[in-house]
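Heads up: the structure comes next, in structure tokens.
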Amino acid sequence: MNIIIIEDELRTARSLETIIKEIKPNARITGQYQSVEDSVAALSENTQPDLIFMDIQLADGLSFEIFKSVKITCPVVFCTAFDEYSLEAFKSNGVDYVLKPFSKDDIKEALRKVDDLKNFFQQKTTPDIESLLKRLSPQNGKTSFLVFKNQKYATVQTDNIAFFYIRNDSTSLMCFDGQEYALSQSLDSIAASVSAKQFFRVNRQYLVNFKAIKEVEHYFLRKLYVKLVIDTPEKLLINKEKSNSFLNWMEER
């Protein structure tokens, strides 16, 4: 069985590969991709695998966008940290899923289901992507965040947040007025919950609001340097692999 893994967390991808090989020693991992752009290119140029393990929130957007550019004819097991309503959407379309953080038993069960549903998948049925996109519509992103500071709870409207970022292994949000608040959620889960139209994951440390972007410059090694309307602790640099996706995201307004 030839399998590809589409997952932007390298540690998660390696763990998944190890578990798959333990369960199916004859399986071949023929590719690992971290973004929508790279996945589309690989699936367009190469023979499709027998199975795809696919994360939902990738470096440059929702993985459902892949289906808009490539006709996928093999079964897909989604890896997700989304809430139950999203999981129900997957089940209604006949696509299996594993919930993060997953265990070896989770992957074993997913592979068993794929084997059991072999006849179904041979019909080359793909999920109703438009329906899933509507259910997980970027316009329906989280509208506020609960924060705790000075022994008080308060809510911060998402529209007032310039960026989320990781510093010293902790996640914080920065408002346009300069107020900063620590958060308990990971940046991955925040990226999955906010509007993909409003926020972009420029790198592993920063998730930026479109309204906070002042200007973008070309930088060394074909990177982009993103300047915001308020200062950030570090330079916001986007690598060359992600530059086109970022510029397309900015243009889609």
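In nm, what is the difference between 0.36 nm times the number of residues separating residue 244 and residue 146 and their Cα-Cα distance? Could you put the intermediate results ahead of the total?
Details: separation 98, 0.36 × 98 = 35.28 nm, distance 3.34 nm.
The span from residue 244 to residue 146 would gain 31.9 nm if fully extended.
Using 10 Å bins from zero, what percent of all Cα-Cα pairs in segment 1-55 falls into each bin?
26, 56, 18
Using a 1.4 angstrom probe, figure out how much accessible area segment 1-88 has per residue, in square angstrom, rounded to the nearest whole.
44
Give 149/240; 149/214; 68/211; 104/149 a once-over and call out the pairs whose C-alpha atoms are over 31 Å from each other.
With Cα atoms farther than 31 Å apart: 149/240; 104/149.
Applying a 10 Å radius around every beta-carbon, put 184-195, 101-112, 57-68, 214-225 in order of their mean neighbour count, most first.
Result, highest mean Cβ count within 10 Å first: 57-68, 184-195, 101-112, 214-225.
Quote the relative contact order of segment 156-247 in percent (integer), defining contacts as alpha-carbon pairs under 8 Å separated by 6+ residues.
Contact order relative to length: 21 percent.
With just the Cα atoms defining each centre, how far is segment 173-197 from segment 16-34? Give it in Å.
If we compute the Cα centre of each part, the gap is 33 Å.
Could you sort 1, 54 by accessible area so the largest value comes first, with the probe set to 1.4 Å?
On the way: 1 75, 54 0 Å².
Descending order: 1, 54.
With labels modelled as points extended 7 Å from the Cα through the Cβ direction, what inter-label distance (nm, one decimal) is found for residue 15 paired with residue 229?
According to this spin-label approximation, the distance is 3.8 nm.
The values are calculated or read from the model by the stated rules, or taken from the named source; none is laboratory data. Just so it is clear, the structure is predicted and the values come from calculations on it, not from any experiment. Every residue, glycine as well, gets a Cβ built from its backbone with ideal geometry; the counts of neighbours run over all protein chains shown. SASA here: full protein model, heavy atoms, side chains in, ligands and nucleic acids out. Shrake-Rupley method; radii C 1.70, N 1.55, O 1.52, S 1.80 Å.
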